[in-house]
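One structure is given below, encoded as structure tokens.
Readers should treat all values here as calculations from the given coordinates under stated rules, not as data from a laboratory. Computed from a predicted model, the values in this text were never measured in an experiment. A quick note on method: Cβ atoms are made from the backbone with ideal geometry, for glycine too, and the neighbour counts reach across all protein chains shown.
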Amino acid sequence: MGQAAIARPRISWPQATLRTGLALAAVALAGLVLMLVLYPSGVLVLQSFLVEGRLSAGHYLRIARDPSTYEVLANSLVVSLWSTLGGSLLGVALAWLVGRTDLPGRRLWRTLILLPYMIPPFIGAMAWVYLLGPVGYLNQVWMALTGAAEPFFVIYGQAGIIFVLMLYGYPIVYLAALGVLERMDPSLEEAARLSRAGPARVLWDITIPLMLPGILAGALLLMMSSLANFGIPAIVGFPARYFVLTTKIYATILNFDLRDNLRIAAALSMWLVIIAAVLLRLQRLILGRRRFTVVSGQAGPRRLVSLGVWRYPAAVALAGFIVISVVLPVAAIVLTSLIRAYGLPPTLANLTLQHYATAFLGVPKVQRAIVNSLILAAVASACIVVLAAGIGYLVARVRIRGAAALELLLTIPYAVPGTVVALAMILAWVRPVPLLGLRLYDTIWILLLAYVARFLVFGVRTVMAGLSQVHASLEEAARISGASRVAAFRDIVLPIIRPSLLAGWFLAFIPAVAELTLSILLFSVGNETIGVVIFGLHDEGKIALSAAVASVVTALLLAINVLTRIVLREERSL
């Protein structure tokens, strides 16, 4: 008998259509990543090597021969290192207090400690200028009480930048340390206590070593954030002529008298890219080794450390810290917005609401900026959620090739400083889009593109975290019942991950509303954003007007944060 021919299984029309659809989706994703990340990044690197139309290292040699390059590099490293050290110590101490001790009102403190994270750093910097500037309120009180002719401390310069960076950066390490504390297996600590080790010995020999990977990862993230910050060094550093890399790049971009200023700025920005890449690599190495720490998936019951007679003094000290980090800056912003002229004593005769009326009714760009910011933030967040849902599903469920590389690429616009991202967008889109002929530069669309690129990683990571909780068997059951992959995704996956989608939307929306670093370089007349307007009014010396707008924006952001918590809590309870 001859062997029967083995027939190849035919691919049905729905299967073929599905495969084609997935292939097209993968191609669309590749095009998206190309437009958002690879193309601007490539243009930035290429332009840094172009001198009079030829490839050359001339710009790099020029900045290498300029002594100011090493000065601003040293300034950047000094302020970021010291602010990281101070912020890390502060964040770990606060995390231990609320996560491991019998501190009164621990749940309330957990929320209050995060309030500085909800205030845009550049607005916080403005607030501390109102407090510790040459005619700041605290300096006025000091001179009135002591009779001194000079202020106690003027915040302008290196020390002021370090202080403000630390004050608005410590929540990054606090959250990382608190997360490790809550997941840590308490059995080792209990064993140490049974061996009659005191609380200090347990903390030093057991708790801190187990927390160290999380603390180091948070500290590196804080250092990247400090290096990338533009608003604080600009507001606190410019008056003292103290420049860091981000403000030096900004000044170079705006120096139109300097030939090839954008390409020189591109070469200068490579310093920040290299430092950010090194720090990101170190963070990944540390996080990759966290499997060696003793952490359980579900933390068991643990005995809190008794503070004894220090219980209420610790609560009073923490209340004092909240007053310094939150109440004083917010009060300074509100008070400045009510003073007839900045520098006058805050007496009843000098208070007025006129600045609010002028700012919101008499300055058209303020009204325009609020509308622009809210629309940009909302549309960018919606785009991010849609893209994150598609990217997350293709990566987590379909498991397309190169998923890890795709996720890494999407982190680049957030990992590198916003000044570098904005410069890449300028160089990439200063000319009309190839083939389409669309012009993005000097339009609101380049801001939208930059926001999506910058904050897309928030949406992708949040959605992927939600997808990890959806077992594949749910989709398989729907497929067996005759549902297509699209129908299974729509009817099964989307309802389950809806809280993650909402969280991703809010995580992108909140920082986008008052974003400054991208916007200050990408805005055009008529397309101002609220961050740009506040910064511009402050820079022009219109202090009371900028304070009036800043106070409203701060209240708005705090309200959005509270609303976010309420909405997400209700979504998860459904």
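General observations
- Pairwise FRET efficiency - R241 versus L335, Cβ, R0 = 30 Å, nearest 0.05: 0.60
- Separation between Cα centres of the stretch 144-160 and the stretch 64-121, rounded to whole Å: 23 Å
- Residue order for K542, K248, fewest other beta carbons within 10 angstrom first, comes to K542, K248.
- In percent, rounded to a whole number, the relative contact order of the stretch 505-574 is 25, using alpha-carbon pairs under 8 Å and six or more apart.
- Counting other Cβ atoms within 10 Å as a rough exposure proxy, the listed residues V463, V433, V236 run V433, V463, V236 from fewest neighbours to most.
- As a proxy for reagent exposure, ranking M143, M425, M166 by other Cβ atoms within 10 Å from fewest up yields M143, M166, M425.
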